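These notes are about the structure you will find just below.
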Amino acid sequence: MKAFQKHDRVRGGKLIDAPIPKADGDYVLCKVLATSICGTDVHIYNWDAWAQKRIKPPMIFGHEFSGEVIEVGPNVKNIKVGDRVSAETHIPCHNCKQCKNGKMHICKNLKILGVDTNGCFAEYVAVPEICCIKTDAKLPPEILSVLEPFGNAVHTVSRSNVKDKDVAIMGDGPIGLFAVIVAKAFGARRIFAVGAQDYRLKLMKKLNPDYIFDARKEDVTKEIMALTNGDGVDVTLEMSGSSAAIYTGIKSTTPGGTLTLFGIPSKPVEIDLAELIFKEIQITSIVGRHMFDTWIQVNELLNSGKVDLSPLITHTFPLAKMDDAMELLRPDNIQAGKIVLKP
Ligand SMILES: [Zn+2]
Ligand SMILES: [Zn+2]
C-alpha cells in the first residue's frame with residue numbers, strides 16, 4: 001500500500017510502499033477514506049524538539065481518519081466489515097487503574113495512533129476495535145476524518161459549563177475554532193474569540209463568534225473587561241498553549257469563574273497562583289476525548305445538524321501531495337484550516 005512515512009530523524013517524510021497491516025486479535029483493518037493533518041503531524045514532519053524526543057522513525061504517522069472496515073480480527077465482537085468508522089486515537093491498555101475506572105483516555109500505559117504505533121497516512125490502517133467509532137455513513141469522509149480533533153473541542157466545552165455564560169476562547173488552531181462552534185451549540189451567551197494569525201482570524205469570522213480579537217494588536221483583557229462591565233468572562237477556554245494567552249485568561253476570567261486548559265505549552269509557564277487563589281478560579285485541564293461520552297456527544301451534535309464543520313476544512317489533497325500540504329501549515333506562515341488528504 002501507499003503510505004507516508006517519517007523515514008528518518010530529519011525534517012520531512014517519504015511516500016513509500018508498505019505492507020498492508022493485519023487485523024489480528026481485537027484489531028480491525030480499515031481502508032482509509034480520508035485523513036486529516038493534526039498539529040502533532042506538523043511537529044513530526046518538521047522534526048521539532050518534541051518530535052525528536054517522542055518519535056522513533058521509521059514509522060507511518062497520521063492519526064485522524066475516517067475509514068471503511070474491510071476485515072476484522074478473530075476477537076472483534078461489535079464492528080463488522082462494511083462499517084463506516086472514525087477513530088479514537090488513544091489506545092488504552094484495559095488493565096490500569098484509569099482504564100478500569102472509566103478514564104481510558106488518560107490510561108497510564110496509553111499509546112497514541114500514529115505517534116507510538118503506525119498511523120493512518122496510508123491506504124490502510126489497523127486499529128483496536130475499542131477505538132472504532134461507528135459513524136453516519138451519509139456524512140462525507142472529509143467531515144468524518146476530523147471528528148477526533150472536533151471531539152477535543154467537545155470534551156473541553158462540555159467540561160466547562162458554558163450554557164448562558166460569557167465565554168472567551170483563546171487560540172485559532174483548528175481545535176480553538178471547533179470550540180467556537182461547540183460553545184455556540186452548547187448555548188454560550190456570548191463568545192469572545194482570540195487569535196493571532198491572519199489566515200485563521202479570517203476563518204474565525206466565518207464561525208460568527210460575538211467578538212474577535214487579534215492578540216498581536218489588541219489588549220484583549222482590556223477589551224473583554226470593557227465589554228463585560230469590568231467583570232470579565234465566566235469561562236475561558238485556553239486552546240493555544242501560549243503563555244501570554246494563559247496570562248490573559250487568568251486576568252480576564254471573573255472571580256469564581258472557570259479556566260479550562262487544553263492547549264499544551266511547549267515549555268514551563270510561570271503563573272501567579274495567588275491571583276488564581278484570590279479570584280477562586282476553577283482550573284480544569286483536558287486531554288483527548290472522554291471514552292466514550294465525548295463520542296456520543298460528537299455523534300449527537302453531527303446528527304442533530306447543530307454543527308457544521310465544513311468551513312474549517314479548507315483544503316483537500318492526495319496523500320502524495322503531503323509536502324505541499326505541510327507547506328501551507330508552516331508554523332511561521334499558516335495558510336490553511338484543516339487539510340484533508342485522500343490516499
Ligand atoms: Zn491530533
Ligand atoms: Zn490503561
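Here are some conditions: (1) at pLDDT 95 or above; (2) away from ligand 1 (no atom under 14 Å from the Cβ); (3) assigned to a loop (DSSP other than H, G, I, E, B). Leu139 meets all but one. Which one does it not meet? Here Leu139 clears every test but (1).
Out of the residues in the range 255-280 that are touching a residue at least 60 places away in the same chain (Cβ under 8 Å) and touching a Lys or Arg at 6+ places or on another chain (Cβ under 9 Å), state the one that is nearest to Ala196 (Cα to Cα). Give the steps one after another, and end with the answer.
We begin by selecting, within the range 255-280, every residue touching a residue at least 60 places away in the same chain (Cβ under 8 Å); these are 258, 260, 262-263, 266.
Next, only the ones that are touching a Lys or Arg at 6+ places or on another chain (Cβ under 9 Å) stay: 258, 260.
Numbers: Thr258: 23, Thr260: 19 Å.
Residue satisfying both the conditions and the ranking: Thr260.
Meeting the requirement of 2 or more residues that are away from ligand 1 (no atom under 16 Å from the Cβ) and without any contact (Cβ under 8 Å) to a residue 40 or more places away in the chain, the helices (runs of 4 or more DSSP H) wholly within the range 1-119 are 97-100. Take the range 301-329 and flag every residue that is under 18 Å from the mean Cα position of the chain (by Cα) and among the charged types (D, E, K, R). Selection gives Asp308 alone.
For every residue, the table says whether it meets (1) charged (D, E, K, R); (2) more than 29 Å from Gly249 (Cα to Cα); (3) over 18 Å from the mean Cα position of the chain (by Cα).
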position	(1), (2), (3)
Ile91	no, yes, no
Ala122	no, yes, yes
Ile133	no, yes, no
Gly151	no, no, no
Val162	no, no, yes
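Quick check, is Ala137 of a type in the set (Gly, Ala, Ser), surrounded by fewer than 23 Cβ atoms within 10 Å (Cβ to Cβ), within 30 Å of Ala185 (Cα to Cα) and away from ligand 2 (no atom under 16 Å from the Cβ)? Criteria met by Ala137. Taken together, the criteria exclude Gly257 from residues that are closer than 25 Å to Met204 by Cα and assigned to a loop (DSSP other than H, G, I, E, B). Selection over the range 113-130 of residues that are under 19 Å from Asp293 (Cα atoms) and within 15 Å of ligand 2 (Cβ to nearest atom) gives a count of 2. Against the list (1) touching a residue at least 12 places away in the same chain (Cβ under 8 Å); (2) in a loop (DSSP other than H, G, I, E, B), the condition Phe150 fails is (2).
The values are calculated or read from the model by the stated rules, or taken from the named source; none is laboratory data. Here the structure is a predicted model, which is why all the values come from computation and not from measurement. Heads up, the Cβs are rebuilt from the backbone with ideal geometry, glycines too, and the neighbour counts pull from every protein chain shown.
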